[in-house]
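The values are calculated or read from the model by the stated rules, or taken from the named source; none is laboratory data. The shown structure was predicted, so the numbers you read here are calculated from the model rather than taken from an experiment. Cβ placement follows ideal geometry from the backbone for every residue including glycine, while neighbour counts extend to all protein chains displayed.
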Amino acid sequence: MPIEQFIPLLTSNPASFLKINNKKGEIKTGHHADFVIWAPEEKFVVKEADVLHRHTINPYNGLELFGAVKQTIVNGETVYKNKMVDKNKKYGKIILATETDL
């Protein structure tokens, strides 16, 4: 799938579906500065120690994948870089659709 088709599946399409596209889903003036720096061709092996979610089961452990996330920025602040997350800081906030949005 070409990257031009892939990116909207993770950005503007979900923002529109969730009715938060007035602040999320695009990099433009007035929107939150949320984005990922991604190396789409970089290969890596999934290691249990590197997985940052709380689930105890990960079907990807030991698999070689490609498309490494290098850095994640939420609301203009770096929250993930060099496989490190500062778990003590809270950068994001919940944005809910209002009745008028629905």
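Summary table
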| quantity | calculated |
| --- | --- |
| Residue ID - farthest from Gly76 (Cα to Cα), chosen from residues in the stretch 41-56 that are modelled with pLDDT under 90 and outside any loop (DSSP other than H, G, I, E, B) | Glu48 |
| Among the candidates Ala49, Ala15, residue that is aliphatic (A, V, I, L, M), assigned by TED's automatic domain parsing to the domain that holds Gly62 and either closer than 21 Å to Gln71 by Cβ or touching a residue at least 60 places away in the same chain (Cβ under 8 Å) (or both) | Ala49 |
| Cβ pairs under 8 Å, 6+ apart, first in the stretch 79-90 and closer than 17 Å to Ile37 by Cβ and assigned to a strand (DSSP E or B), second at pLDDT 80 or above and not aliphatic (A, V, I, L, M) | Val79/Thr72; Tyr80/Gln71; Tyr80/Thr72; Lys81/Lys70; Lys81/Gln71; Lys81/Thr72 |
| Filtered residue count, the stretch 23-46, keeping only those that are surrounded by 13 or more Cβ atoms within 10 Å (Cβ to Cβ), farther than 30 Å from Leu63 by Cβ, touching a Gly at 6+ places or on another chain (Cβ under 8 Å) and touching a residue at least 24 places away in the same chain (Cβ under 8 Å) | 2 |
